[in-house]
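Notes to accompany the following structure.
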């Protein structure tokens with residue numbers, strides 16, 4: 001008597017196929033996470049770069065008055081221009097975000113240094129986080145994507161570090177924050 005094989009899959013075949021599908025799904029979701037992280041780095045670094053360019057124009061346009069009188073026409077505080085005043089004076093587009101991707105605000109600071117050199121710093125006041133914890137890897141990746149990008153390190157949350165920058169005091173005393181620097185020589 002001949003045995004008839006019934007159609008269908010064996011338990012082993014189903015388990016192997018399930019494992020293959022699970023691996024494909026895990027790779028797919030990992031890839032989506034990587035794309036989302038890349039997009040976050042791009043958006044944050046792009047916003048910081050726009051803020052940096054606005055500060056660069058601001059200190060070049062108003063540097064002489066900032067150094068000599070401590071004022072800048074159209075700005076309430078010459079050393080801390082606001083997002084709104086930079087937009088009103090045509091240095092930032094009106095589409096510049098009010099909140100960052102890390103739920104912070106963008107702060108603009110100008111410092112008059114030794115020899116009357118000017119340094120503009122735009123910072124995201126929000127802490128760069130990943131999985132609800134400060135992420136220095138992500139913060140350094142954002143800073144690396146911005147020319148003049150810096151971030152606060154874990155061991156010194158009040159000091160900005162980055163390529164070519166050292167020992168610059170951060171306007172935000174928090175670990176894993178990102179900033180961009182614009183510099184100008186003394187206008188005198």
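Taken over the stretch 11-184, the ratio of Cα radius of gyration to 2.2 N^0.38 Å equals 1.31. Length gained on full extension, residue 16 to residue 183, computed as 0.36 nm times the residue gap minus the Cα-Cα distance: 54.1 nm. Residue order for 106, 29, fewest other beta carbons within 10 angstrom first, comes to 29, 106.
Once you've got the GNM for the chain with C-alpha springs shorter than 10 Å, pick whichever of 71, 49, 18 has the biggest mean-square fluctuation. Of the options given, 18 has the highest mean-square fluctuation.
Our estimate of slack between residue 84 and residue 156, defined as 0.36 nm per intervening residue step minus the Cα-Cα distance, is 22.8 nm.
Top mean-square fluctuation among 24, 121, 12, Gaussian network model of the chain, C-alpha springs under 10 Å? Result for the chain, Cα springs under 10 Å: 12 fluctuates most.
Looking only at 48, 11, 65, which one moves most when the chain is put into a Gaussian network model with springs between Cα atoms under 10 Å? Its mean-square fluctuation being the largest, the pick is 11. The sum of -39500 (n - 2.57) across all DSSP H runs of n ≥ 4, divided by the residue count of the chain, sets its helix-only mean residue ellipticity at 222 nm to -14000 deg cm²/dmol.
A short reminder: the numbers here are calculations on the coordinates, not readings from a lab. Note that the structure is a prediction, hence the values are computed from the model and not measured. Cβ: placed from backbone, ideal geometry, glycine included. Neighbour counts: every protein chain shown.
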